[in-house]
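All of the numbers you see were taken from the coordinates with simple rules; none came from a lab. These numbers come from a predicted model, not from an experiment. So basically every Cβ, Gly included, is an ideal-geometry build from the backbone, and we count neighbours across all protein chains shown.
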Amino acid sequence: MLIRFYDVTKVYPSGATGLFSVNTFIGKGEFVFLVGPSGAGKTTFLKLLTREILPTRGQVLLNGRNITRIRPTEVPYLRRTVRMIFQDFKLLPNKTVYDNVAFALMVTEKPRRQIGALVNEALKLVGIESKAEMYPDELSGGEQQRVSIARAIVGDPTVLLADEPTGNLDMETSWDIMEVLLRINKRGTTVIMSTHNATIVDVLKQRVIELDNGRIVRDDEKGVYEGEAEYNAVLPG
Amino acid sequence: MRVRLSTMRYFLAEGWKSTKRNVSLISLGTMAVSIFVLGVFGLILMNLSNVNSNLRSSIEIRVYVEDNLTGQGLGALKQQIESIEGVHRVTYVSKEEGLSRLAKQLGEKAGLVDILGENPLPDTFDVRVFNADSTPDIASRISNLPHIIGVNYGQGFTEKLLSATRFIAVATVVLAVILLGAVMFIVGNTVRLSLVSRAQEIEVMKLVGATDWFIMWPFLIEGMIVGFLGSSLSGICLYVVYRACISRLGLVAPFIPIITETAPVARLCAGLVGLGVLMGVFAGGVFIKKHLEI
């Protein structure tokens, strides 16, 4: 088992509850959709895995190690194995596609002679190698998301977290991105993706964890977006 | 911590790029002026202690002896003075020698001595002591001996010089602290600007797992560069201005024992540059740590 949440509660300083007493586990190489209305706790779930936030109670285990207890100096090393992509890509506008991806290797002090090959491999995997010398603002949204995925997987992380990665993209482009994510998952990387896109979830039939008000209300192997009606009151988009 | 050469190059390039983007002439100028003022105080302090040690090494007690003393009495008195603890050397100067010395000191006005007719000077002993600090004590013991009219060692002057030196030293330290604040503010401001302009980059760095040290290095280097530029500017100015001053002063008032050698002044200027660099790194580090929450 790769990831385990053990009785995890997160209450924010404002008093809002992110997660409440969540217990779950995710195996190596799984593809998991996190669904649920806005504010249900999906982003909290993901942020706990990168140690961007700490739980108020409970343990988050990665490879058997309680990552809520690691020293602050160890957090960067955790983030080299648990990478995250976002709805807004977070690319650096003054760097080319190639440099954006290489940046992730350089700032984690990978030897210079290894960087070129690794970047090219990652760009190829996401299908954007022909645009390596272009700048982010010369690319479409879908292409930018591919670059951000390449940057996330370039150090060969164990886990890829995707926080609504298709949120800003049209349906066709979203499918392209899903294809890339599935390809990465096939290579052995665990993918956890939060989404509001019902079609994608329904068609792909992967594991679905549904959150509502910080609690897991459904966890289906080969699930669909809509569970029981009572949990589907709010479905934006 | 082992740092790769390519990583070090990256830090230097980023630090330099960021400095160019964010440092202004006004902030560099302010910093240079601050350090310059500190340097001026340093130079005054150096010169005062130089004067002080010169004076101390040349301090002499002049002992005036009653006129009616014969050779034997003078010999006995000399022995008595020599036996006082701390006395290094006692030299007898007869009233005739004293007069010719005075004539020499007066130079072209030596004719005055002839006008006096009779020699008005008493016989004297010039007393050298081992430790300048014990001068007042020894002088008072000598003055208690019989047949002594008086003693003179420039009473009061050395004490005044010492207290002036102490005052300047304290002022220099206080000033250094105030200027440290100014330098911190300037470097902090530059680093703040670069923090804003690099916010996105730092976010990505944290996201992909760059260590805190890796993120901090370019900022430390930026502080170092700003500190170096500001203090070099003031170091060079200070050196040039001081050289100009001593050549002028040498013409106007050659009797002032000002430091004219190059080495100690150059050392002070180099020290200022070192101080500027240290303050820059320190300010950069403090600021970045506070604002990155790392």
Note to self: With a cap of 12 neighbouring Cβ atoms within 10 Å, and only residues DSSP puts in a loop, list the trypsin sites (Lys or Arg not before Pro) found in segment A:148-227.
What the structure shows: A:Arg187, A:Lys222
Notebook entry, point to check: Can you run phi through the Karplus equation (6.51, -1.76, 1.60; θ = phi - 60°) for segment B:63-69 and list ³J(HN,Hα) in whole Hz, with x for Gly and Pro?
Noted result: 10, 9, 10, 4, 5, 7, 7
Item checked: Percentage, to the nearest whole number, of Cα pairs in segment B:74-131 over 20 Å apart -> 40
Next item on the list: Quick one: order B:Lys160, A:Lys10, A:Lys95 by neighbouring beta-carbon count within 10 Å, fewest to most.
Entry: B:Lys160, A:Lys95, A:Lys10
Check: At a Förster distance of 45 Å, what's the computed FRET efficiency of B:Ala169 paired with B:Ser94, Cβ-Cβ distance as r, to 0.05?
Finding: 0.55
Item checked: From phi via Karplus (6.51, -1.76, 1.60), per-residue ³J(HN,Hα) for segment A:33-43 in Hz, x at Gly/Pro -> 8, 9, 10, x, x, 4, x, 7, x, 5, 5
Item checked: Peptide A:72-79, shielding by other chains (average Cβ, 10 Å cutoff) -> 4
Check: In the Gaussian network model of chain A, springs joining C-alpha atoms below 10 Å, which of A:Pro93, A:Pro111, A:Pro76 carries the largest mean-square fluctuation?
Finding: A:Pro111
Checklist line | Shape of the protein assembly as shown, Cα gyration tensor, a/c cut at 1.5 | finding: prolate
Item checked: Sparse-neighbour loop sites [chymotrypsin sites (Phe, Trp or Tyr not before Pro); segment B:187-294; at most 16 other C-beta within 10 Å; DSSP] -> B:Phe255
Check: For B:Gly86, what is the net charge nearby, where nearby means another residue's Cβ is under 12 Å from its Cβ and Lys, Arg count +1, Asp, Glu -1?
Finding: -1
Note to self: What does the C-alpha gyration tensor say about the overall shape of segment A:113-162? Classify as rounded when a/c is under 1.5, otherwise prolate if a/b is larger than b/c, or oblate.
What the structure shows: oblate
Check: Summing Lys, Arg as +1 and Asp, Glu as -1, what charge do residues with Cβ under 12 Å from the Cβ of A:Leu54 carry, A:Leu54 excluded?
Finding: +4
Next item on the list: With a cut-off of at most 14 other beta carbons within 10 Å, and DSSP calling the residue loop, which GluC sites (Glu not before Pro) in segment A:91-141 qualify? Please list them.
Entry: A:Glu133
Note to self: Can you give me the long-range amide H partners of A:Asp219? Hydrogens built in the peptide plane at 1.01 Å from N, cutoff under 5 Å, separation of 5 or more residues or another chain.
What the structure shows: A:Glu210
Check: Along each of its three principal axes, how wide is the spread of alpha-carbon positions in chain B, in whole angstrom units, largest first?
Finding: 99, 41, 30
Notebook entry, point to check: Angle between the Cα long axis of helix B:25-58 and the longest principal axis of chain B, 0 to 90 degrees, nearest 10?
Noted result: 20
Note to self: I need the shape label for chain A. Rule: rounded when a/c is under 1.5, else prolate if a/b > b/c, else oblate, with a, b, c from the alpha carbon gyration tensor.
What the structure shows: oblate
Notebook entry, point to check: Sorted from fewest to most neighbouring beta carbons within 10 Å, what does the list B:Ser163, B:Ser27 look like?
Noted result: B:Ser163, B:Ser27
